[in-house]
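First up is the structure itself, then whatever we jot down about it.
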Amino acid sequence: MVAWFVRHQRKLRLRAHLMQEAIRNRDFTFRLPTDGMLPGERAMQQTLNQLGETIRQQVNQNEVESWERLTRVLTHEIMNATAPITSISQSMLGRNDVKGTPLEPGLQAIYDTSRHLSDFVANYRKMSELEKPVLAVIPLRPMLDDVCKAYPGLSWEVNVPDNMVVRADAGMLRQVLMNLTKNAVEAEAEKMVIEASVTTQHLSLYIGNDGLPIPAENRQSLFVPFFTTKRNGNGIGLSLSRRMMIQQGGMLDLAEKQLCGCRAGFILTLCNASAE
């Protein structure tokens, strides 16, 4: 009995050490097993496992809100800076003593660049000013089938029950699914995999593809506004998609592990309507 007690205490100390290291490394996805534990210890471990998920969601939400505040300041300053440049360069281009001179190409480049930057910021503002979501119980499979039909050139493997329902904003959820599919196509994907897993309160959708893998050095910056590795990308899609999921009480994360046949994937977390 004494030997069992000593071994048991060592296991508990090891669990505490592992959780401490996970939190120190900002890894809130830890899930430690509850086998072989006493009833009170098992309840405590289950609570700590759930607490890790709660902390992860709160950290992600605070991060998104911080980026939103910073982006609002930056876009405001950019608009203030580019407006006079656009106006002055446009006025100079209309002068007779500028037309046909070596100054004209340079002023035209200044005008085009400032106008492009102003348009980009204006479009981002419109996209980021999301309306309040209208949550409803939505059959999930018909929406996934519509997304599949929108991209007939892809091979689809959808493992989602026909009767599965979620509580979400239909328009926002559809936009997120379309954004993830569009990104996969741009990463040269030929196959998409969607697989559902259900807990008591939440439903998780793994959305993976066989396109180009995401480089390790880019994984931490994927949801940062304006971050992009594409030549013609704007870095808005993923950050906006995560914000739409948070507004619905869900989350969008990069998948840590990929299903067979996939080289990149995301986890889309939604409220499980059947649990209400």
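The values are calculated or read from the model by the stated rules, or taken from the named source; none is laboratory data. Being a predicted model, the structure only gives us computed values, none of them experimental. Neighbour counts run over all protein chains shown; Cβ positions are idealised from the backbone, glycine included. The protein model used for the area step is the full one, side chains on, heavy atoms only, and it has no ligands, DNA or RNA in it. Shrake-Rupley method; radii C 1.70, N 1.55, O 1.52, S 1.80 Å.
Return the long-range amide H neighbours of Ala264 (sequence gap of 5 or more, or a different chain), with a cut-off of under 5 Å between placed amide H atoms.
Residues meeting the amide H criterion: Asn209, Gly211.
Loop-only GluC sites (Glu not before Pro) in segment 38-147, please: DSSP not H, G, I, E or B, and at most 15 other Cβ atoms within 10 Å.
Glu129, Glu131
Can you give the accessible area per residue of the chain, in Å², using a 1.4 Å probe?
60
Could you work out how far helix 170-186 tilts from the main Cα principal axis of the chain, as a 0 to 90 degree angle to the nearest 10?
Orientation of helix 170-186: about 80 degrees from the principal axis.
Tell me whether segment 152-216 comes out rounded, prolate or oblate; compute the Cα gyration tensor, take square roots of the eigenvalues as a ≥ b ≥ c, and use a/c under 1.5 as the rounded threshold.
Taking the square roots of the gyration eigenvalues as a ≥ b ≥ c, segment 152-216 is prolate.
Ignoring everything but the protein chains, give the 1.4 Å probe accessible area of Val2 in square angstrom, nearest 10.
Val2 exposes around 110 Å² with every protein chain in place.
Can you give me the % of accessible surface on the chain that is carbon or sulfur? Probe 1.4 Å, all protein chains present, nothing else counted.
56
Quick query: amide H of Met37 versus all other amide H atoms, modeled in the peptide plane; which residues come in under 5 Å with a sequence gap of 5 or more or a different chain?
Amide H neighbours of Met37, under 5 Å, 5+ apart: none.
Grab the beta carbon distance between Asn159 and Leu14, set R0 = 41 Å, and tell me the FRET efficiency rounded to 0.05.
0.70
Cα atoms only: what Rg and Dmax, in Å, come out for segment 54-139?
Values for segment 54-139 (Cα only, Rg and Dmax): 20.3, 65 Å.
What translational D, rounded to a whole number of µm²/s, comes out for segment 111-224 from Stokes-Einstein when the hydrodynamic radius is the Kirkwood one over Cα pairs, at 4 °C and 1.567 mPa s?
Answer from the Stokes-Einstein relation: 79 µm²/s.
Could you tell me how many degrees, from 0 to 90 and to the nearest 10, lie between the Cα long axis of helix 140-150 and the main elongation axis, the longest principal axis, of the Cα atoms of the chain?
Once rounded, the angle reads 40 degrees.
Consider just the alpha-carbon atoms of segment 14-95 and return their Rg together with their Dmax, both in angstrom.
Every Cα atom of segment 14-95 included, Rg and Dmax give 25.2, 85 Å.
So what is the relative contact order of the chain, in percent, for Cα pairs below 8 Å that sit 6 or more residues apart?
For the chain, the relative contact order is 15 percent.
Can you give the Rg to Rh ratio of segment 1-56, both from alpha-carbon atoms, with Rh computed by the Kirkwood formula?
Using Cα coordinates only, the ratio equals 1.02.
Segment 81-127: which trypsin sites (Lys or Arg not before Pro) are DSSP loop and have at most 16 other beta-carbon atoms within 10 angstrom?
Qualifying residues, ordered by number: Arg95, Lys99.
Stretched out fully, how many nm does the piece from Ala109 to Met1 gain, at 0.36 nm a residue minus the Cα gap?
30.6 nm
Give me a comma-separated list of calculated 3J(HN,Hα) values for segment 214-224, in order, Karplus coefficients 6.51, -1.76, 1.60 applied at θ = phi - 60°, integers in Hz, x for any Gly or Pro.
7, x, 4, 6, 9, 5, 6, 10, 4, 9, 7
Less than 18 Å from a label point 7 Å out along the Cα-to-Cβ axis of Glu195: which backbone N atoms in segment 129-158 qualify, by residue?
155-158
Take Phe120 and Asn49, extend 7 Å from each Cα along the Cα→Cβ direction, and tell me the distance between the two endpoints in nm.
It works out to 4.6 nm between the two label points.
How big is the C-alpha Rg of the chain next to the rule-of-thumb value 2.2 N^0.38 Å, as a ratio?
1.32
Would you mind checking the tilt of helix 39-93 against the longest principal axis of the Cα atoms of the chain, expressed as 0 to 90 degrees and rounded to 10?
Long axis of 39-93 versus the principal axis of the chain: about 0 degrees.
Can you sort Phe223, Phe120 by 1.4 Å-probe accessible area, starting with the largest?
Phe120, Phe223
Going through segment 167-211, which GluC sites (Glu not before Pro) have at most 11 other Cβ atoms within 10 Å and a DSSP loop state?
Glu188
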